[in-house]
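K.L.:
Please read through the structure below; I'll follow up with questions.
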Amino acid sequence: MTGTGSGVGDGNFVVRPRLIVVAGPSGVGKTSVLGELRRRYPDIYFSISVTTRPPRPGEVDGAHYHFVDDQTFDAMILDNELLEHADYAGNRYGTPRTPVERALAAGRPAILEIEVQGARQVRAAMPSAFMVMIQPPSWEVLVARLTARGTENPDVVARRLAVAKDELAASEEFDAVVVNAEVHHAAEQLLTLIAKSRSGHPA
Ligand code: 5GP
């Protein structure tokens with residue numbers, strides 16, 4: 001598959017080779033929604049971020065994240081290896097540039113699952129990116145999901161919820177918003193939006 005006129009599809013939706021940014025507060029279910037896209041569209045490139053956060057149980061280096069120390073993260077910034085990067089609730093996260101550029105050059109759509117500061121940097125660097133925010137059906141649901149996940153201690157949950165307030169307030173900066181009340185439905189909505197989108201705006 002080559003060229004920008006192509007795309008990848010599953011018979012229902014064709015996704016064009018472009019950069020897609022999916023943001024939204026921690027606990028909103030971005031990973032679950034994107035997991036469904038990943039199953040249906042194995043040809044989409046899903047970026048693997050670098051982070052200084054320690055792995056959670058079950059997380060695999062090189063699959064969920066590239067887990068690095070601060071020194072390595074600094075070196076990547078200096079060498080211009082990150083497309084964007086941000087501090088988030090006490091840890092650092094960034095998108096390795098080369099794999100994303102290679103995927104797009106090969107005619108594959110690329111998806112970044114990142115937080116809002118990073119999304120703003122992508123918007124500035126690549127205005128043609130399509131930017132989607134995933135929101136919870138209510139604040140209470142977000143609190144319940146983040147708490148029930150049990151992967152973070154109460155301090156970290158509180159920090160993430162504080163950041164979430166600002167993130168939700170940034171929804172107008174995005175091309176589209178998907179409310180994740182139910183994962184399958186949200187994935188379907190996201191697909192519809194990105195299949196219809198052109199040049200950073202829904203058709
Ligand atoms: P978590 O620690 O829960 O895996 O991720 C915390 C937040 O960082 C989430 O909102 C996640 O989407 C975001 N994130 C993950 N990778 C990146 C990245 O490469 N860049 C930015 N800016 N945010 C990221």
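The values are calculated or read from the model by the stated rules, or taken from the named source; none is laboratory data. What you see is a predicted model, and the numbers here were worked out from it, not measured in a lab. Note: ideal-geometry Cβ built from the backbone for every residue, glycine included; neighbour counts use all protein chains shown. The accessibility values were calculated without ligands, DNA or RNA, using every heavy atom of the protein model including side chains. Shrake-Rupley method; radii C 1.70, N 1.55, O 1.52, S 1.80 Å.
K.L.:
When you look at S26, is it in a loop (DSSP other than H, G, I, E, B), over 29 Å from E172 (Cα atoms) and open to solvent by less than 40 Å² (accessible area, probe 1.4 Å), yes or no?
P.N.:
no
K.L.:
Those residues that are within 13 Å of the ligand (Cβ to nearest atom) and touching a His at 6+ places or on another chain (Cβ under 9 Å), I need them from region 118-143; list them, please.
P.N.:
G118, Q121
K.L.:
Would you pick out the residues in region 177-193 that are out of contact with any strand residue (DSSP E or B) (no Cβ under 8 Å at 6 or more places or on another chain) and either over 14 Å from M133 (Cα atoms) or open to solvent by 10 Å² or more (accessible area, probe 1.4 Å) (or both)?
P.N.:
Matches in region 177-193: A181, E182, V183, H184, H185, E188, T192.
K.L.:
Condition first: hydrophobic (A, V, I, L, M, F, W, C), in a loop (DSSP other than H, G, I, E, B) and in contact with a Gly (Cβ under 8 Å, 6 or more places away or on another chain). Now tell me which residues in region 111-139 satisfy that.
P.N.:
If the condition is that a residue be hydrophobic (A, V, I, L, M, F, W, C), in a loop (DSSP other than H, G, I, E, B) and in contact with a Gly (Cβ under 8 Å, 6 or more places away or on another chain), then A129 is the only one that fits.
K.L.:
Identify the residue in region 69-104 that is assigned to a loop (DSSP other than H, G, I, E, B) and under 19 Å from the mean Cα position of the chain (by Cα) and, among all such residues, is nearest to T31 (Cα to Cα).
P.N.:
Only one residue tops the list, namely A89.
K.L.:
Run R108 past the list (1) part of a helix (DSSP H, G or I); (2) more than 16 Å from the ligand (Cβ to nearest atom); (3) surrounded by 13 or more Cβ atoms within 10 Å (Cβ to Cβ); (4) not aliphatic (A, V, I, L, M) and report the number of the one that doesn't hold.
P.N.:
Failing condition for R108: (1).
K.L.:
If we keep just the residues of region 41-53 that are open to solvent by 10 Å² or more (accessible area, probe 1.4 Å) and in contact with a helix residue (DSSP H, G or I) (Cβ under 8 Å, 6 or more places away or on another chain), which is nearest to the ligand (Cβ to nearest atom)?
P.N.:
By that ranking, first place goes to S47.
K.L.:
Regarding region 146-168, can at least one residue be identified that is within 20 Å of S47 (Cβ to Cβ) and either open to solvent by less than 80 Å² (accessible area, probe 1.4 Å) or in a helix (DSSP H, G or I) (or both)?
P.N.:
Checked region 146-168: at least one residue is within 20 Å of S47 (Cβ to Cβ) and either open to solvent by less than 80 Å² (accessible area, probe 1.4 Å) or in a helix (DSSP H, G or I) (or both).
K.L.:
Of all residues in region 169-198, which are in a helix (DSSP H, G or I) and more than 30 Å from G9 (Cβ to Cβ)?
P.N.:
If the condition is that a residue be in a helix (DSSP H, G or I) and more than 30 Å from G9 (Cβ to Cβ), then A169, E172 are the ones that fit.
K.L.:
Restricting the search to region 68-105, which residues are acidic (D, E) and surrounded by fewer than 18 Cβ atoms within 10 Å (Cβ to Cβ)?
P.N.:
Residues satisfying the conditions are D69, D70, D74, D79, E81, D87, E101.
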